[in-house]
Each structure stands twice: as C-alpha cells, then as structure tokens.
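Q: I have a structure here, written as structure tokens, and I will follow up with some questions on it.
The values are calculated or read from the model by the stated rules, or taken from the named source; none is laboratory data. No experiment lies behind these values; they were computed from the predicted model shown. Cβ coordinates were reconstructed from backbone atoms using ideal geometry, including for glycine residues, and neighbour counts include every protein chain displayed. Just the protein is used for accessible areas: all its heavy atoms, side chains included, with ligands, DNA and RNA removed. Shrake-Rupley method; radii C 1.70, N 1.55, O 1.52, S 1.80 Å.
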Amino acid sequence: MDPVSLELRDGVAWIGLNRPAKRNAINDGLLSALDAAVAQAQDAARAIVLFGHGPCFSAGLDLSEHTARDAAAVFHHSRGWHAVFRRIRGGRVPAVAAVHGACVGGGLELAAACHIRVADETAFFALPEGSRGIFVGGGASVHVARIIGAARMADMMLTGRALDAAAAERAGLVTHVTPPGAAPDKAGELAAKMARMAPLTVLGVLQALPRIQDMSEEDGLFVESMMAALAQTGPEAQAGLAAFLEKRAAKAGEA
C-alpha cells in the first residue's frame, strides 16, 4: 500500500497520509512519497487538501523505525524534513490541513507547514518530544512557535499539555472547527475557493506575506505596495473589479 495517496478533483489535489495501522506515523518512506505527491500536486492543481487516512491525522515521527544516529546524521535527517515541509509552505499553491484525531509531534509540524488548518472536534495537538528526551526537528521551533507563540509551545513541550480543537482555535493554531468527520468537507470547500483566486493574489499571500513578517515596518510596507501593484494590474483583478462595480460579484462575507 502506498504510504501517501493522491487524487485530483476539480483543480484540488487531495493528498492523504496512508499508514492507518501506524496512525500515519511519519517514516522516511512516507516523507519521500509526500514530497513527490506535493511536487506533482503543485504542477497539476490550484490548491491542496492534506489529510490522514484511518483513525487520525498523524501520530508524528515513527519511533519504531527511529534508529540510533550520531549528531551529524540527526542534523541532516532534520534538514530533510525541513526541505519537504518547505515545499508545502513555500510552494505555488495554498495547502489546507484537514485534521482529526491525533496531530502530534511531526504531525503537528506537517500541519503547521500548511497555510490553513481545519480540525474536527476529535482533534488534539501535542508536542511530546520533551517527555521522550528529544527535541523537535521538523520546524516546530520556528513555525509552530510563530503560530501559537513561544511561551505556549514551551508549555506544551515542558508539561506535555495537549490542545483540543477548541483550545487550538483559541490559540490560533486552527482557524475552523467542525463536527466529527466534517473537516475534509470544510477543507475541500476552502480549497475550492482558493483554486478560483487570481494567481497573483495567491502569490502575494504565499510568498510576500510571510516574508513581510520578518521585515522592518518600512521594508514591509514597500513590499506590500509592490505586490499590490502587481496584483491589481493583472487581468483577473481587472475582471474582478468590473464585476464588483457592475454588482455581479458577491459581497464581502458572502460565498
């Protein structure tokens, strides 16, 4: 059985972690298959939904296959995770994580690589590396900490605290909470909307917005103006503005 599934539907690539008997624990084979699926999806689709087959999204690093490594090997293994997750975060198309059940450790790092996270009420989020005597290695110290704050991440690592879906929404880790089993439907709805967006707008959100957060105020505002100039002079923007002025476009807040 392939460790990752890929299905294209109406411009949206559905990528599924497919090791249900292992709770979608991430080993090197799954990571390699995920990288290939994401690369294919970014060439063929306008948005991605990432989900887990079986009982949960992902239980994180597959510790049963975690062999003893020296420090240099651990370093390069970690950098390999970073490269795969960077392909999602810095890619051409937006990615939505649809989370149910466990989303812990490396699974949370994978979800954090997506641009939007949807969780159903069964979801919970944790960083158990601290209790196992190890440290995060898939990007959590940068990306999870930026989403929820370093203090809250430290609490999760030092105390083993898990966040349920409601707490994760309050912390900003997820932006939509659904009834049990409904996260994929909501993620698909959001992905379909993104797939219809103007490419230059998507480029600005995925590429310019994260970089602006690391800039000085003046540099950030300069890049914002440059991105606005590109997006607002594109053909899609002209058509969208015309539709709005002619009252053919949906109002803000409408589907």
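Q: Might you tell me the accessible area per residue for the chain, computed with a 1.4 Å probe and given in Å²?
A: On the way: 13100 Å² over 255 residues.
Ligands and nucleic acids excluded, the figure is 51 Å² per residue.
Q: Taking the Cα centre of the range 119-207 as origin, sum charge times position over the Cβ atoms of Lys and Arg (+1) and Asp and Glu (-1), and report the length of that vector in debye to the nearest 20. Write out the running numbers ahead of the final one.
A: Values: 8 positive and 8 negative charges, 56 e Å.
Rounded to the nearest 20 debye, it is 260 debye.
Q: Okay, moving on. Give, rounded to the nearest 20 debye, the magnitude of the charge dipole that the range 30-174 has about its Cα centre when Lys and Arg contribute +1 at Cβ and Asp and Glu contribute -1 at Cβ. Walk me through the numbers on the way to the answer.
A: Working: 13 positive and 12 negative charges, 97 e Å.
Dipole size: approximately 460 debye.
Q: I want the local charge near Ala98. Using Cβ-Cβ distances under 14 Å, sum +1 for each Lys or Arg and -1 for each Asp or Glu among the other residues.
A: Values: positive: Arg9, Arg117, Lys186; negative: Glu7, Asp120, Glu121, Asp185, Glu189.
Here the count lands on -2.
Q: Let me ask something additional. Once Rh for the range 1-130 is found with the Kirkwood sum over Cα pairs, what is the Stokes-Einstein diffusion coefficient at 37 °C and 0.692 mPa s, in µm²/s?
A: Numbers: Rh = 14.6 Å.
After rounding, the answer is 224 µm²/s.
Q: I've got another one for you. Per the 1.4 Å probe, what fraction of the accessible area of the range 4-59, in percent, lies on carbon and sulfur atoms?
A: Numbers: 1020 of 2150 Å².
Ligands and nucleic acids excluded, carbon and sulfur reach 48 percent.
Q: Related question: How high is the relative contact order of the chain, given as a whole-number percent (alpha carbon pairs under 8 Å, six or more residues apart)? Mind dumping the intermediate values first?
A: Values: 443 pairs, mean separation 42.1, N = 255.
Taking the mean separation of contacting Cα pairs over the length of the chain, I get 17 percent.
Q: Sticking with this one: Please report, in whole Å, how far the alpha carbons of the range 155-242 spread along each principal axis, starting with the longest.
A: In descending order, the Cα extents are 48, 35, 15 Å.
Q: Give me the dipole magnitude in Debye, nearest 20, for the range 156-205 about the Cα centre, with unit charges on the beta carbon: positive for Lys and Arg, negative for Asp and Glu.
A: So the dipole magnitude of the range 156-205 works out to roughly 120 debye.
Q: Just the number: Rg to Rh for the range 62-194, Cα atoms, Kirkwood Rh, two decimals. Don't skip to the answer; put the middle values down first.
A: Details: Rg = 14.9 Å, Rh = 15.3 Å.
That ratio equals 0.98.
Q: Only sites in a loop by DSSP and with at most 16 other Cβ atoms within 10 Å count here; which trypsin sites (Lys or Arg not before Pro) in the range 1-82 make the cut? Don't skip to the end; give the middle numbers.
A: Values: sites: Arg9, Lys22, Arg23, Arg46, Arg69, Arg79; in loops: Arg23, Arg46, Arg69.
Those that pass, being in a loop and sparsely packed, are Arg69.
Q: Across bins of 10 angstrom width beginning at 0, how are the C-alpha pair distances of the chain distributed, in whole percent?
A: Whole-percent P(r) values from 0 Å outward: 7, 29, 35, 20, 7, 1, 0.
Q: Oh, and also: What number comes out for the charge environment of Ala13, summing +1 per Lys or Arg and -1 per Asp or Glu over other residues with Cβ under 12 Å away?
A: Working: positive: Arg9, Arg46, Arg92; negative: Glu7, Asp10, Asp43.
With Lys, Arg at +1 and Asp, Glu at -1, the neighbours total 0.
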